[in-house]
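What follows is a set of notes on a single structure, which appears directly below.
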Amino acid sequence: GAVVSQHPSRVICKSGTSVKIECRSLDFQATTMFWYRQFPKQSLMLMATSNEGSKATYEQGVEKDKFLINHASLTLSTLTVTSAHPEDSSFYICSVIDGAKNIQYFGAGTRLSVL
Amino acid sequence: GDSVTQMEGPVTLSEEAFLTINCTYTATGYPSLFWYVQYPGEGLQLLLKATKADDKGSNKGFEATYRKETTSFHLEKGSVQVSDSAVYFCALSGSGGSYIPTFGRGTSLIVHP
């Protein structure tokens with residue numbers, strides 16, 4: 001069964017609105033979760049590392065105020081795309097790492113379309 | 001820094017053909033190596049992995065052997081099916097103590113009946 005649950009799978013919104021994406025670790029407690037962005041026909045780009053109980057660590061070039069990450073519990077991280085614009089349209093994927101096995105598990109992804 | 005290089009796609013094959021997708025890497029230390037598969041509209045799924053030199057990962061008829069001397073982890077399958085059509089990502093992690101994977105650009109596989 002799924003190790004990571006991501007919701008919603010698809011969202012269409014108007015420009016200027018905010019969108020929240022949830023990522024849940026189902027099988028184990030995850031102090032760290034990861035958020036990726038994937039452009040069409042390209043690889044995954046790591047956006048940020050979500051840390052439970054503390055601030056997220058953002059990769060260079062990723063706007064902290066645009067992509068708000070909250071990791072309030074050991075099983076839930078949220079990514080909020082604030083004041084979304086068409087250029088934010090993309091496929092967003094979260095993941096968790098089972099450190100004991102060194103295996104990364106991915107959510108099914110969220111297709112964001114900003115009109 | 002670490003990097004993963006995959007062959008350019010798309011790879012187009014007929015059903016039951018032999019598949020090879022090349023992957024080479026550059027890393028410090030001794031990373032673990034992975035192949036992930038992404039079906040259309042979905043997230044990534046772990047296909048197979050190898051954690052040390054000469055290990056062979058295998059799953060669903062796919063195989064890849066960790067070759068330290070050639071820094072390669074080529075993906076192979078003896079007889080592909082239409083349902084194998086997807087994008088395949090080679091990745092490494094654990095280099096220098098970091099669990100965050102480094103991904104290749106992905107190779108699209110299209111299998112025709």
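Please treat every number below as a calculation from the coordinates, not as lab data. Note that the coordinates shown come from a computational prediction; the quantities given were computed from them, not determined experimentally. Virtual Cβ from ideal backbone geometry, glycine too; neighbours counted across all protein chains shown.
Miscellaneous remarks
- Computed over the protein assembly as shown, the quotient of the alpha carbon radius of gyration and 2.2 N^0.38 Å is 1.03.
- Other protein chain C-beta atoms within 10 Å of residue C-beta, averaged over A:30-42: 2.
- B:Glu76 sits among other residues whose Cβ lies under 11 Å from its own Cβ, and their net charge, with Lys and Arg +1 and Asp and Glu -1, is +1.
- Computed from the C-beta positions of B:Arg67 and B:Ile110, the FRET efficiency with R₀ = 35 Å rounds to 0.85.
- Counted by Cβ distance under 9 Å from A:Val3, the other residues give a net charge of -2, where Lys and Arg count +1 and Asp and Glu count -1.
- Cβ-isolated cysteines (cut-off 4.7 Å), chain A: A:Cys13
- Beyond 25 Å, the tail of the calculated P(r) for chain B holds 17 percent of the Cα pairs.
- Cβ-based net charge around A:Ile21, under 12 Å, with every Lys or Arg adding one and every Asp or Glu removing one: +3
- For chain A, the number of Lys pairs with C-alpha atoms closer than 22 Å, counting only pairs eight or more positions apart or on separate chains, is 7.
- Loop-located GluC sites (Glu not before Pro) across region B:43-113 with a Cβ neighbour count of 13 or fewer within 10 Å are B:Glu69, with loop assigned by DSSP.
- Translational D in µm²/s for chain A (Stokes-Einstein at 37 °C, 0.692 mPa s, Kirkwood Rh from C-alpha pairs): 233 µm²/s
- Label-point gap, in nm, between A:Glu87 and A:Asp27 - each point 7 angstrom along Cα→Cβ: 3.9 nm
- Of interest is the spacing of the C-alpha centroids, which for region B:67-113 and region A:57-82 amounts to 28 Å.
- FRET efficiency for A:Ile12 and B:Ala53, using Cβ-Cβ distance with R0 set to 45 Å, rounded to 0.05: 0.40
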